[in-house]
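Visitor: Attaching a single structure in structure tokens format; questions to follow.
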Amino acid sequence: MFNVPHFFAEKDTSDPKGKKMIFKEELHKNARVLQIEELITTLGTAQEVRRAILLSNKNNNITILPAVGTCIHRPDKLPTDSEDRQIISLVET
């Protein structure tokens, strides 16, 4: 419909803690990435996905936009402080 590519990060099965993410796609040079998560609680996974995208595309001058979209944002406390990320959610609990 919008002709916009979309990709997924995956959990790294070699990580014994199950926290590390891998990103297998190579993005276009100077690509701008809007990150969307289904659920955000602590931003830990979102930050790890960001790290994986930048690591796998370190020669392509990738820009990850400062906003992160999510369906559900359920932080430990409200309001939340995110250093460099704006969280835009459909539902905040």
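The values are calculated or read from the model by the stated rules, or taken from the named source; none is laboratory data. Just so it is clear, the model here is predicted, and its values are computed rather than measured. Here the Cβ is made from the backbone with ideal geometry for all residues, glycine too, and neighbour counts use every protein chain on show.
Visitor: Quick one: what pairs do we get from segment 12-26, first residue farther than 14 Å from LEU55 by Cβ, second surrounded by fewer than 12 Cβ atoms within 10 Å (Cβ to Cβ) and not charged (D, E, K, R), C-beta under 8 Å, 6+ apart or different chains?
Guide: The qualifying pairs are LYS19/GLY44.
Visitor: Next question, about the same structure. With closer than 23 Å to GLN86 by Cα and in contact with a helix residue (DSSP H, G or I) (Cβ under 8 Å, 6 or more places away or on another chain) as the only criterion, which of GLU48, GLU37, GLU26 stands out? Even if it seems obvious, please write down each step before you answer.
Guide: Details: GLU48 fails: in contact with a helix residue (DSSP H, G or I) (Cβ under 8 Å, 6 or more places away or on another chain); GLU26 fails: closer than 23 Å to GLN86 by Cα.
The conditions single out GLU37.
Visitor: Any idea which of ILE62, ILE87, ILE72 is of a type in the set (A, V, I, L, M, F, W, C) and in contact with a helix residue (DSSP H, G or I) (Cβ under 8 Å, 6 or more places away or on another chain)?
Guide: Working: ILE87 fails: in contact with a helix residue (DSSP H, G or I) (Cβ under 8 Å, 6 or more places away or on another chain); ILE72 fails: in contact with a helix residue (DSSP H, G or I) (Cβ under 8 Å, 6 or more places away or on another chain).
Exactly one of ILE62, ILE87, ILE72 is of a type in the set (A, V, I, L, M, F, W, C) and in contact with a helix residue (DSSP H, G or I) (Cβ under 8 Å, 6 or more places away or on another chain), namely ILE62.
Visitor: Count, please, the residues in segment 27-43 that happen to be at negative phi and modelled with pLDDT under 90. I'd like the intermediate steps shown before the answer.
Guide: The first filter runs over segment 27-43 and keeps only residues at negative phi, leaving 27-29, 31-42.
With modelled with pLDDT under 90 added as a condition, the list becomes 42.
The total comes to 1.
Visitor: Filter segment 1-44 for residues that are closer than 21 Å to GLY69 by Cα and hydroxyl-bearing (Ser, Thr, Tyr) and give the result.
Guide: THR41, THR42, listed by residue number.
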